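First comes the structure, then the notes that go with it.
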Amino acid sequence: LFIKITLVSDMKIAIFFTYDYSVSTLKRSGLLERELKIYQKINEIYGVEFIFLTYEENLEPEVNNYPEFKFIPLYKDLKKSNNKFIRLFKSFLIPFRIKSHLLDVDVLYQHQLLGVWIPLILKIQLKKPLQVRTGYDAYLFSINNSDNFVKSFFYKYLTKLSLRFSDLYTVTSNCDKVFLSKKFSADSVKVVPNWVEVNDNLQTNRLVEKILMVGRLEKQKNYPLAFDFLKSLNSNYEIDVYGSGSEYSNLKTLSSKNNLKINFLGNISHQNLLQEFSNYNFFLTSSTYEGNPKSVLEALSSQCIIFASNIPNHQELIKDGVNGFLFSDKQELVEKFELIKNNLSEQSKIKKNCLNSLSENEILNVSKLMYEDYVFLVSLR
């Protein structure tokens with residue numbers, strides 16, 4: 001369906017980073033390039049100006065690579081405390097220090113839930129429309145992660161507050177929308193999926209005895225199941241893992257204890273990671289819960305044979321036996337892997353279907369959806 005968009009000239013959007021995240025945070029994790037690319041695309045196509053509010057005292061030199069954007073360090077005029085509780089308390093002073101820099105913006109936009117209190121206060125001060133965008137539902141993750149009562153309570157009421165006072169609340173998956181509808185009777189939540197670009201740099205000779213995994217080294221990702229799967233293969237297969245996290249030492253020990261060929265490769269830039277996707281034939285994710293996983297989208301765009309845990313958010317992206325495979329336990333994963341690993345004709349069919357399933361997530365489509373949201377919010381003023 002073609003929708004005509006009326007361009008709104010001189011639109012300026014203030015993007016607030018996730019609380020305590022800085023340019024250097026994203027740089028270390030290899031995500032800076034990816035996080036900014038969607039805004040580059042919107043700027044290029046629609047001429048929207050973006051101001052990024054980041055949690056640092058001084059800007060990293062990397063921002064010079066993005067002359068089309070303006071960056072404001074939120075701690076430039078407010079000393080950043082090393083104590084996390086004092087830092088949290090002082091963050092409520094930030095709106096009063098920066099509001100003069102945002103008088104001419106059209107929309108306040110919070111990236112992820114954490115930190116939303118800052119644009120909420122600014123919304124009252126400046127009378128600007130506010131959009132909250134979550135790539136995953138922090139309250140639902142808190143429940144799944146069995147977090148303590150205080151943390152879950154905090155996420156619950158931060159979500160409730162955001163739903164009540166934001167002018168637009170968007171999520172990246174239908175699962176998150178359904179959850180918010182059930183828990184908070186929030187029926188106006190809009191789904192805007194994560195974006196992906198089709199990987200044009202595909203390799204014909206891919207690694208067939210290595211399996212790619214990408215993600216934070218945390219319990220949520222359930223790496224032990226993947227390691228147990230590798231042990232069950234009783235073959236020369238290896239798993240290459242890109243990512244970092246608090247479980248690194250435990251996973252490294254588990255790998256060594258079982259004499260498994262697990263290669264922990266750390267974080268690399270997004271561009272280099274995309275290149276790596278194209279080198280692998282098989283991609284595996286064993287997460288116990290997810291949002292709208294970017295790694296699965298990028299595996300699809302690289303036409304990898306995907307094996308994903310059978311959870312609701314994976315079900316939104318993977319249709320079992322069509323563009324990948326879903327598994328409920330290790331045994332099912334082993335069985336499906338053994339059936340497909342040498343079946344080249346079936347692999348070819350799966351790979352063709354990968355690209356056909358990405359139309360909603362393609363970066364041009366998501367750029368258009370985001371721009372339409374900005375236009376809607378500007379119309380509220």
Return yes or no: is Asp10 in a loop (DSSP other than H, G, I, E, B), within 19 Å of Asp373 (Cα to Cα) and touching a residue at least 60 places away in the same chain (Cβ under 8 Å)? no
Report yes if Asn194 is under 25 Å from Ile363 (Cβ atoms) and either without any contact (Cβ under 8 Å) to a residue 40 or more places away in the chain or in a loop (DSSP other than H, G, I, E, B) (or both), otherwise no. yes
Determine which member of the set Ser345, Ser309, Ser357, Ser302 is more than 17 Å from the chain's Cα centre (by Cα) and surrounded by fewer than 16 Cβ atoms within 10 Å (Cβ to Cβ). Ser345
Region 64-75: number of residues that are of a type outside the set (Ser, Thr, Tyr), in a loop (DSSP other than H, G, I, E, B) and crowded, with 17+ Cβ neighbours inside 10 Å: 1
How many residues, within region 247-271, are over 14 Å from Arg216 (Cβ atoms), open to solvent by less than 30 Å² (accessible area, probe 1.4 Å) and assigned to a helix (DSSP H, G or I)? 2
Number of the condition not met by Thr170 [criteria: (1) of a type outside the set (A, V, I, L, M, F, W, C); (2) within 24 Å of Met370 (Cα to Cα); (3) outside any strand (DSSP E or B)]: (3)
List every residue pair whose Cβ atoms sit under 7 Å apart, with the two residues 6 or more apart in sequence or on different chains, where the first one lies in region 277-297 and is in a strand (DSSP E or B) and the second, anywhere, is polar (S, T, N, Q). Thr285/Ser295; Thr285/Ser309
Does Tyr157 count as open to solvent by less than 20 Å² (accessible area, probe 1.4 Å), farther than 25 Å from Ile318 by Cα, of a type outside the set (Gly, Ala, Ser) and free of Cβ contacts under 8 Å to residues at least 40 places away in the same chain? no
I want to confirm something. Restricting to region 198-217 and keeping residues that are open to solvent by 60 Å² or more (accessible area, probe 1.4 Å) and within 14 Å of Leu273 (Cβ to Cβ), which single residue is modelled with the highest pLDDT? Arg216
Restricting to region 76-111, name every residue that is in a helix (DSSP H, G or I) and either open to solvent by 100 Å² or more (accessible area, probe 1.4 Å) or touching a Pro at 6+ places or on another chain (Cβ under 7 Å) (or both). Lys84, Phe85, Phe89, Phe96, Arg97
Unique residue being in a helix (DSSP H, G or I), touching a helix residue (DSSP H, G or I) at 6+ places or on another chain (Cβ under 9 Å) and surrounded by 16 or more Cβ atoms within 10 Å (Cβ to Cβ) when the list is Leu274, Leu317: Leu274
Considering only residues of region 135-154 that are of a type outside the set (Phe, Trp, Tyr) and assigned to a helix (DSSP H, G or I), which is surrounded by the fewest Cβ atoms within 10 Å (Cβ to Cβ)? Val150
Within region 22-63, the residues that are crowded, with 19+ Cβ neighbours inside 10 Å, assigned to a loop (DSSP other than H, G, I, E, B) and out of contact with any strand residue (DSSP E or B) (no Cβ under 7 Å at 6 or more places or on another chain) are Gly30, Tyr55
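The values are calculated or read from the model by the stated rules, or taken from the named source; none is laboratory data. Quick caveat: nothing in here was measured; it's all calculated off a predicted structure. Glycine also receives a Cβ, built like all others from the backbone with ideal geometry; neighbour counts cover every protein chain displayed. The protein model used for the area step is the full one, side chains on, heavy atoms only, and it has no ligands, DNA or RNA in it. Shrake-Rupley method; radii C 1.70, N 1.55, O 1.52, S 1.80 Å.
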